[in-house]
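Please read the structure below before turning to the comments.
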Amino acid sequence: MVGFLNLFGDDPGERFRRGIAAHERGKLDVAEQEYNRAIFLNPFVAQFHSNLGDLLHQLGRSDEAKDALEEALRIEPKNAAINNNYAVIMEELGDLQVAEKYYKRAIFLDPKYTHARVNLADILGRRGEYVKAEAEYRYILAEHPEHTHTRQNLAVTLKNLGKYDEAAIELTALIQQSPDDPHMRMLLGMVYQLQGKLGIAKDEYLASIRLDPNNPATHNNFGSLLEDLDEKQEAEHEYRTALSLDPGYILGRENLARLFFEMGEPDRSELEWKQLLQVQPDNVKAHRYLGKILLAKERFAEAREIVDKAIEQGIRDDELLEMAENLKKLADQEDQEDSDD
């Protein structure tokens, strides 16, 4: 066997070790060459393909990484780490169902594989399966109570389940450990806001902004709180601050446009919704609100154009469908009046 491996005057194991060394030093092009050479010399070692897949993933070449890890799994299907890494790639490629399957397989192969269990819980949260995600996070924390990422995501999951008191307890514990964490302070502000505790919610948002004044999400959420406090002008300022930090920030633009609409300023609202459509042409709220504004201004041709574009893009919204029906009735009425003349 050794003679076969050295047929080309090369040792695949040595090539693989060189690849690892180059990878660790950040010389990714050299590492890729060494891993590929090791595979050429001996294509039957799962770890060679696995390391190449991890490298390709690091380089942002997810499709190639997927192929490499699939070959690794073909050779060694019961390797928990390779199953987990393959699931990570599939999650990034948008196939959450396959990702979940391979995270579960990794856990089945190694029930103590914490990283795979965290990944599974995270993907369940992304899919809106919050009850299952909560169970996974609690299982992990029972074994690893110091796991900060898991506790933070448990708090977010509890918020999404409407368990605000429990979410606040988890976040408060995290903030006691890291009082200068702006993200935790923002999350706690959100939970307090949902509980209706607006005064202490404001304190948490302001603390978060002091720690990190350049986070558009915090300014956006603070703007929402200020609306709850009926401080409209201050809310507008926060939404504009969010957009100055990130002009493509969808939630900030939506909130600013909606605020203008609710304040009885349709011209300003129209302008913001149209800017939003330039960034996100299939935004349902933008089509809906623009349709309302244009109908109220009796700009029926423009309203029809907005509604028709929404329908062409496959947007299904009850209010837009009702607008389309009303516009059709108006058009039929105009045709009838013209024929009577």
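Restricting region 219-263 to residues that are within 24 Å of Pro281 (Cα to Cα), more than 26 Å from the chain's Cα centre (by Cα) and of a type in the set (A, V, I, L, M, F, W, C) leaves a set whose member that is surrounded by the most Cβ atoms within 10 Å (Cβ to Cβ) is Phe260. Suppose the filter is closer than 30 Å to Gly199 by Cα and touching a His at 6+ places or on another chain (Cβ under 7 Å); does Ala257 pass it? Taking the combined requirement at face value, the residue does not satisfy it.
Within region 183-206, residues that are in a helix (DSSP H, G or I) have Cβ atoms under 6 Å from residues that are surrounded by 15 or more Cβ atoms within 10 Å (Cβ to Cβ) and basic (Lys, Arg) in these pairs: Val191/Lys159; Glu204/Arg185, counting only partners at least 6 apart in sequence or on another chain. Taking region 96-131 as the range and being among the basic types (Lys, Arg), in a helix (DSSP H, G or I) and farther than 22 Å from Leu161 by Cα as the test, the residues that pass are Lys101, Lys104, Arg105. The single condition from (1) closer than 25 Å to Glu146 by Cβ; (2) assigned to a helix (DSSP H, G or I); (3) not small (Gly, Ala, Ser) that Asn83 fails is (1).
Only one residue in Tyr130, Tyr137 is at pLDDT 95 or above and more than 15 Å from Glu100 (Cβ to Cβ), so which one is that? Among Tyr130, Tyr137, only Tyr137 is at pLDDT 95 or above and more than 15 Å from Glu100 (Cβ to Cβ).
Residues considered: Tyr164, Tyr86. Of these, the only one that is at negative phi, crowded, with 22+ Cβ neighbours inside 10 Å and out of contact with any Lys or Arg (no Cβ under 6 Å at 6 or more places or on another chain) is Tyr86. Just wondering, is there one or more residues in region 47-58 that are touching a Gly at 6+ places or on another chain (Cβ under 6 Å) and aromatic (Phe, Trp, Tyr)? No, every residue in region 47-58 fails to be touching a Gly at 6+ places or on another chain (Cβ under 6 Å) and aromatic (Phe, Trp, Tyr). With respect to the conditions (1) in contact (Cβ under 8 Å) with a residue 12 or more places away in the chain; (2) among the aromatic types (Phe, Trp, Tyr); (3) surrounded by fewer than 20 Cβ atoms within 10 Å (Cβ to Cβ); (4) over 19 Å from Val191 (Cβ atoms), Phe108 lacks only one, and its number is (1). Residue count for region 15-37 under the criterion of being more than 32 Å from the chain's Cα centre (by Cα) and surrounded by 15 or more Cβ atoms within 10 Å (Cβ to Cβ): the result is 11. Among the conditions (1) closer than 23 Å to Asn255 by Cα; (2) at pLDDT below 85, Glu337 misses just one, which is (1). Scan region 312-330 and give yes if some residue there is among the basic types (Lys, Arg), surrounded by fewer than 20 Cβ atoms within 10 Å (Cβ to Cβ) and not in a helix (DSSP H, G or I), otherwise no. Yes, some residue in region 312-330 is among the basic types (Lys, Arg), surrounded by fewer than 20 Cβ atoms within 10 Å (Cβ to Cβ) and not in a helix (DSSP H, G or I).
The values are calculated or read from the model by the stated rules, or taken from the named source; none is laboratory data. Owing to the predicted nature of the structure, the values given are computational and were not obtained by experimental measurement. Quick reminder, even Gly has a Cβ in these numbers, built from the backbone with ideal geometry, and neighbours come from all protein chains shown.
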